[in-house]
1. How much net charge surrounds E126 when only the other residues with a Cβ under 10 Å from the Cβ of E126 are counted, with Lys and Arg +1 and Asp and Glu -1?
2. Using a Förster distance of 30 Å, how high is the FRET efficiency between R196 and E102, based on the Cβ-Cβ distance and rounded to 0.05?
3. Can you compute the charge dipole magnitude of the chain about its Cα centre, using +1 on each Lys and Arg Cβ and -1 on each Asp and Glu Cβ, nothing else charged? Give it in debye, rounded to the nearest 20.
4. What's the magnitude of the charge dipole for region 131-200 around its Cα centre, counting Lys and Arg as +1 and Asp and Glu as -1 at the beta-carbon? Answer in Debye, nearest 20.
5. Only sites in a loop by DSSP and with at most 11 other Cβ atoms within 10 Å count here; which trypsin sites (Lys or Arg not before Pro) in region 166-200 make the cut?
6. With angles folded into 0 to 90 degrees, how steeply does helix 118-135 sit against the dominant principal axis of the chain? Use alpha carbons for both and round to 10.
7. Where does helix 98-111 land angle-wise versus the long Cα axis of the chain, in degrees 0 to 90, nearest 10?
8. Just the Cα atoms of region 50-200, one point each, no solvent: what log10 I(q)/I(0) does Debye give at q = 0.10, 0.15, 0.21 Å⁻¹?
Amino acid sequence: MSSQQQRRPHTPRPSHASLIGRQQAGQLAPTDTAKALQAARGCPDAWYRVQALASVAEYADPGAALSILEEAAREAQSCHDAYGTVAVMAWPFKQGRLVFAERELKKCLDLASRIEPHASKAYALEILWGACFAEHPSHANAVWRRILELCHPDRSWRAARLYLHIAEIHHRQNRGAAAVIRAMPPGKARSWLERRFGLA
């Protein structure tokens, strides 16, 4: 997922230094952890700093990777709002550290209720669910339960798209869209998905 796809339209544009720092961190990470960390820490914008740190952790020695991910989680708290803090944690979660993900995911899911507006809440949880589903299916289930609690699919087009996205992925993997749709609250979005997947 690209940074442009994952930032909300009204999120302030990143500084040039953050973009360069993230790029340098990614380029240096496979060969020089120390210099990659220096580049990552130099990103002025927390959103890009967290992404850069996560890219360094991907290539770091296993003994150092966890501490880098923990640093990324701390830096996520510096994002400009709850949306940024929750959504950007998708990058550290991609590194496959189960204990780290379990601990930090709980914090993210607790914070998700503070994201406004509703469309941004749905978007952040969509990003988080996707990262967890790819690495930790059991953690994706925890995100799914939170989606059902916080994101009514009829309240915004992004919320409706969130449910569509999850249904499509389950359909591709195990023809499991029906279970997703039947868990949804009744309404226009559920009826639409029932027709789309031939359940109506």
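1. +3
2. Once the sixth-power term is evaluated, E becomes 0.35.
3. Magnitude of the dipole: close to 740 debye.
4. 200
5. Filter output for region 166-200: R175.
6. 70
7. Its long axis makes an angle of about 60 degrees.
8. Reported log10 I(q)/I(0), two decimals: -0.36, -0.75, -1.23.
The values are calculated or read from the model by the stated rules, or taken from the named source; none is laboratory data. Remember, predicted model here, so these are calculated numbers, not experimental data. Don't worry about glycine lacking a Cβ; one is built from the backbone with ideal geometry, like all the others, and counts go over all protein chains shown. Just so you know, the surface numbers come from the protein's heavy atoms only, side chains and all, with ligands and any DNA or RNA stripped out. Shrake-Rupley method; radii C 1.70, N 1.55, O 1.52, S 1.80 Å.
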